[in-house]
Every structure is written in C-alpha cells, then in structure tokens.
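Please treat every number below as a calculation from the coordinates, not as lab data. Source: prediction; values computed, not measured. All Cβ positions, glycine included, derive from the backbone under ideal geometry; neighbour counts span all protein chains shown.
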Amino acid sequence: MMFGYLYPKICAAAIHEIDALKLKSKGIKGLIVDLDNTLIPSKSDYLAREVREWVEKIKKEGIGLCIVSNNWQKRGRKIAKILDIPIVMIAFKPRKRGFKKAMKIIGTKRHETAVIGDQIFTDILGANRLMLLPILVEPLNLNEPIQTRFLRVLEYRFVNHFHEKDIEWM
C-alpha cells in the first residue's frame, strides 16, 4: 500500500534525541542523514553544539554516517567537512540512487541502515522504498521554500494519524 510507505517507524523531536544504543539494539550499523532541517536549519550554516556532540556519540558507538541531500550548495560540503562525514549531494530523494550510494559508502546492508530526516515525501518515502529503518524528526526551521511548505501541508495529514500507527518515539 502506497500510504504505508509514508509512515516512519520511529519519531523524535530532534536528531540529537535519537539514542545510539537503541539504534544498535535494533541492529543498525549505519545512518543516512538528511541535511536541511535535520542537521542544520534550512538556508543556514548554523551547526548546533548538540548536533556536533550527537554525531561524535554516534561515531564512538561505531555507527557509520553519511549525509544524503537533494541540495547542491557548497554549505552541504562545508557541514560534512566540519562533521567529518561523507555526503551524497543532488540525491533526488525519494529515488533510490542516493540512498544506495550512501549505503555503499558506509558499508551497510539494508537491514543495518536507518534514514533520519524531516520530510515524509523524501526521506521517509525513500527509506521505506528500500526497506531501510525510517526515522522522522521535526524540522528545525519552518521558513522554507513554497514547494516545501506545500508538501508540509500534505505531511501534516499523515502526522495526525501517527498515534494510530505502531510508531516508536525517542
């Protein structure tokens, strides 16, 4: 069912709320992470201390990381360099190519990989299409382009039904 592909398995208020040990207990060895509104606010270079600390914690637990973004701007590479993690840009999410490239970079199989992002129609749909563990976080900034705001209206229809689904909260 198409709509089933739009539901996350896990939700969190922010990326730094996601527990590395819980991920490891689920067999997760690699994380594919969205850039805009997941790691950093949209249209910003600001990288919060909590996010830097979370990335270091994830690395210390031996979980691989790769940023996958539809973005093509230089700031994506800048953030990846600061965090010392690889990035796949112009990924055309929810297409599979960018996610597969990231899994190859990290060295994980599908059942060992989770995707963390703030958008249902790109991150969550892409993760579910490949049977990766989809994790939805709240967007860091709602000052977004008009096309993203339009998609958010549609996304909120699904968010209102999350309580009816078997979704874990972190």
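Taking the beta-carbon count within 10 Å as an exposure proxy, list 16, 111 from fewest neighbours to most. Could you put the intermediate results ahead of the total?
Details: 16 18, 111 12.
So the residues, fewest neighbours to most, are 111, 16.
In terms of its C-alpha gyration tensor, region 1-88 has an oblate overall shape, because the principal axis ratio a/c (a ≥ b ≥ c, square roots of the eigenvalues) is not below 1.5 and a/b does not outweigh b/c. Be a star and scan region 95-137 for residues whose amide nitrogen sits under 20 Å from the point 7 Å along the Cα-to-Cβ vector of residue 73. Backbone N within reach: 117-120, 122-123. Extension gain, residue 21-residue 59: 0.36 nm per intervening residue step, less the Cα-Cα distance, totals 12.5 nm.
Is the shape of region 1-150 best called rounded, prolate or oblate, per the rule: a/c under 1.5 gives rounded, else a/b larger than b/c gives prolate, else oblate, with a ≥ b ≥ c the square roots of the Cα gyration tensor eigenvalues? Working shown, then result.
Working: a/c = 1.31, a/b = 1.04, b/c = 1.26.
Because its axes are fairly even, with a/c under 1.5, region 1-150 counts as rounded.
Applying 0.36 nm per residue to the separation of residue 82 and residue 167 and subtracting their alpha-carbon distance, the gain on full extension is 27.4 nm. Taking amide H positions as modeled 1.01 Å from N, with prolines and chain starts lacking one, the residues under 5 Å from residue 65 and 5 or more places away or on another chain are 31.
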